[in-house]
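The values are calculated or read from the model by the stated rules, or taken from the named source; none is laboratory data. This is a predicted model, so every value here is computed, not measured. Ideal geometry is used to build each Cβ from the backbone, glycine not excepted, and the neighbour counts take in all protein chains shown.
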Amino acid sequence: MKTFKVLSALLSYPTEALIEAAPAFLAVLDAEKLVPAASRRAVDLLIEEIAVGEVYDLQERYGLLFDRSKTLALHLFEHVHGESRDRGQAMVDLKAMYEDAGLFIAANELPDYVPLLLEFLSTQPLANARELLGQTAHILAALAERLGRRESSYKAIFDALVAIAAEAPRRDIVDEMLKAPDTDPMDLVALDAAWEEEEVRFGPGAQGQGACGHEGLIAKLRHARRAVDPAPSSLQ
C-alpha cells in the first residue's frame, strides 16, 4: 500500500525533495482510502505545512522534536530495550526479516526506525501490515499523545497509524510510557541525562505481554516472510 510510503515520507527528515513531492501525497491517500476519515484532515494539514514550508524551518522543527527528545525517538526499540544488549539482537533479527522479504537497508540504517518500518509495510499485504502495526500500537499511541502535548502536527501520523493497526494499544502500557518526563529540547544537560537512563520496562514481565520486544514484532515479521521486490524510492 502506497499510503505507508506517504506516511513514511512525512515522518522523514524534511528536504527540498519532500517539499516538492508533498502535494502528490493527497492523491495517493484519496485513492487508497486507508487513512480513516477521522484522521485524514489532520494528515492533510501536515502535508500542507510541508508543501508550503521553508526547508530550514521544517528541519529545525523536526530536529527539536525527534532528534533532541528521547521520549519522541523514532526508533521503536529505544522505547522498549533502551541501550540494553537485547536491543542489539532485536535489531539483528529485524534486519534479517527485512532481508528475507527482499528489503535490504544500508549498513548505517537502524531497522527499527519508524519511517523504515513503514517502507517495509508498504511491501506487505494489508492484513499483515495492520497486524504488525498492532504490535507497536502502544508506542505509536504514546508518541501521538506526547506530540499532542506539544501541539505538533506530526501527531496526525501516529493517530492514523494507530487507527489502521489491527490491534488497539494497551492503555496500561501507554500510561506507563507516558510517566517518563519530557525534557526541554533546549536543556542540553537534561537531555544528556535522559539519554543515559537504563533500559525502559513497562511493569513486571511487560516485554513478554504485548510490549514491542523483538519476540512480538519479529514473530509477526516471520509470518510476513515472502519474496517481494525491494521498496521503490518513489511513489510511482
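Points worth noting:
- Being of a type in the set (D, E), at negative phi, crowded, with 17+ Cβ neighbours inside 10 Å and out of contact with any His (no Cβ under 6 Å at 6 or more places or on another chain) holds for only one residue in E176, E167, and it is E176.
- When L110, L46 are screened for being part of a loop (DSSP other than H, G, I, E, B) and closer than 20 Å to A142 by Cβ, only L110 passes.
- The numbered conditions (1) crowded, with 20+ Cβ neighbours inside 10 Å; (2) under 26 Å from E49 (Cα atoms); (3) modelled with pLDDT under 90 are all true for D184 except (1).
- Test: residue in segment 136-156 that is at pLDDT below 90 and under 27 Å from K33 (Cβ atoms): yes
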